[in-house]
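A.B. asks: Got a structure here, written out as C-alpha cells. Questions coming.
The values are calculated or read from the model by the stated rules, or taken from the named source; none is laboratory data. None of these values were measured; they are calculated from a predicted model. Positions of Cβ are generated from backbone atoms using ideal geometry, with glycine treated the same way; all protein chains shown enter the neighbour counts. In case anyone asks, the SASA skips ligands and DNA or RNA and just uses the protein heavy atoms, side chains included. Shrake-Rupley method; radii C 1.70, N 1.55, O 1.52, S 1.80 Å.
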Amino acid sequence: YDHISRDLEINPELRTIKTVLVRSYDGLPYHLKSCFLYLSIFPEDHKIMRKRIVRRWVVEGYAREMHGMTAEEVGDNYFDELLDRCMILPGEKVNTRSGKVDSCQLHDIMRQICIWKAREENLSFTLEDGSCLSSTKGAVRHLAILSSNGKEDKDMFERALDLSHVRSWTVFGEWGSYFISKKARFLRVLDLEGTDGLEDHHLNHIGNLIHLMYLSLRRCYEICRLPSSLGRLSNLQT
C-alpha cells in the first residue's frame, strides 16, 4: 500500500490487476478518456467536487454543447458515465435537488493508472514534495503543484517546465510567489481553491492572463479584495 506505484510494476500479482484495469481505460470512448486523465492532477484521496470538475471540463473543451444540452449538462453526464463504469468512486453526499452524488474520488490503483497514462501523453505533470523537475519531458498542458511549502526555486522551475503550453494550473498546499507566471500566457484555468498564504497583492498581475476562463479562489480566506486588472479578463466564465 505504501509503495503501490512501484509494486504495480514489479509484483506479478499486481501486474495482472494493472493489466485488467488498463483494459478498462482502453475500452473508454475517446471523450471519457480525456475526462478521466484530467483527474490525474488531484492528490491522493482528494474529494473531487462534481461541480468543480464539470466546470473545468467545460472551459477546457472536454465537454461541449450538443443535442440541445448545455456544455455543463454534457459534462454532468460524462461524470455519471465514469461512475457507471466504476472508473471513479462516488462520494458519500447526495445533492437533495438532483439526487446525484456531488463528489467523487479515485481509487489509489486507478489514480496510478490515470497518472501513468496522462504522463505517457504528456498531458499533465504533478509537482509534489521530493519530486524531480528533471523528470519532465517537453511541454505539458496541465500543471498541478502539490507542494507543502511553496519554496521551490523559481529559475529552476521555469527552466525545467515549458509553461508556454500550460492550459491549467492548480495549486494544492501553500502559495509560491511565482505561481502566477507571465510565461503561462495561454492559461485557461487557474484553480487556487484552498491555497494557504495567498494574499490580495499576489493577484495584482492576474489581468495579464488574458485567455483565463476559470478562476477559483474558494476557501482562500486571506483574499479580501480583487485587483482592478481582473477587468481585463474578458474570457472569464467561472
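A.B. asks: Would you be able to tell me the number of residues in the range 92-119 that are among the small types (Gly, Ala, Ser) and closer than 21 Å to SER34 by Cα?
C.D. replies: Result for the range 92-119: 2.
A.B. asks: Return the total of residues in the range 208-234 being free of Cβ contacts under 8 Å to residues at least 40 places away in the same chain and not in a helix (DSSP H, G or I). Talk me through it step by step, then tell me what you get.
C.D. replies: First pass over the range 208-234, keeping only residues free of Cβ contacts under 8 Å to residues at least 40 places away in the same chain: 208-212, 215, 217-234.
In the following step, the residues that additionally are not in a helix (DSSP H, G or I) were identified as 209-212, 215, 217-227, 233-234.
Matching residues across the range 208-234 total 18.
A.B. asks: What do you reckon, is ALA63 open to solvent by less than 40 Å² (accessible area, probe 1.4 Å) and part of a loop (DSSP other than H, G, I, E, B)?
C.D. replies: yes
A.B. asks: Residue under question is TYR62, and the condition is that it be among the hydroxyl-bearing types (Ser, Thr, Tyr) and touching a residue at least 40 places away in the same chain (Cβ under 8 Å); does it hold?
C.D. replies: Answer is no for this residue.
A.B. asks: Something else now. In the range 191-238, how many residues are in contact with a Cys (Cβ under 7 Å, 6 or more places away or on another chain) and under 22 Å from GLY61 (Cα atoms)?
C.D. replies: 1
A.B. asks: Sticking with this structure for a sec: Inside the range 32-60, can you point out the residues that are surrounded by fewer than 16 Cβ atoms within 10 Å (Cβ to Cβ) and touching a helix residue (DSSP H, G or I) at 6+ places or on another chain (Cβ under 7 Å)?
C.D. replies: GLU44
A.B. asks: In the range 117-145, what residues are modelled with pLDDT of 85 or more and open to solvent by less than 50 Å² (accessible area, probe 1.4 Å)?
C.D. replies: Scanning the range 117-145 gives LYS117, ALA118, HIS142, LEU143, ALA144, ILE145.
A.B. asks: Of all residues in the range 173-193, count the ones that are at pLDDT 90 or above and open to solvent by less than 70 Å² (accessible area, probe 1.4 Å).
C.D. replies: Residues meeting the conditions: 6.
A.B. asks: Taking the residues in the range 88-103 that are without any contact (Cβ under 8 Å) to a residue 40 or more places away in the chain and basic (Lys, Arg) as candidates, determine which candidate is least open to solvent (accessible area, probe 1.4 Å).
C.D. replies: By that ranking, first place goes to LYS93.
A.B. asks: Residue pairs, Cβ under 8 Å, 6 or more apart or interchain, first in the range 106-122 and on the phi > 0 side of the Ramachandran plot, second outside any helix (DSSP H, G or I) and crowded, with 18+ Cβ neighbours inside 10 Å. List them.
C.D. replies: What qualifies is ASN122/VAL140; ASN122/ARG141.
A.B. asks: For the range 68-86, which residues satisfy the criterion of being among the hydrophobic types (A, V, I, L, M, F, W, C) and in contact with a Leu (Cβ under 7 Å, 6 or more places away or on another chain)?
C.D. replies: At the first step, the residues of the range 68-86 found to be among the hydrophobic types (A, V, I, L, M, F, W, C) are 69, 71, 74, 79, 82-83, 86.
Once the filter is applied, which keeps residues that are among the hydrophobic types (A, V, I, L, M, F, W, C) and in contact with a Leu (Cβ under 7 Å, 6 or more places away or on another chain), the range 68-86 yields only LEU82.
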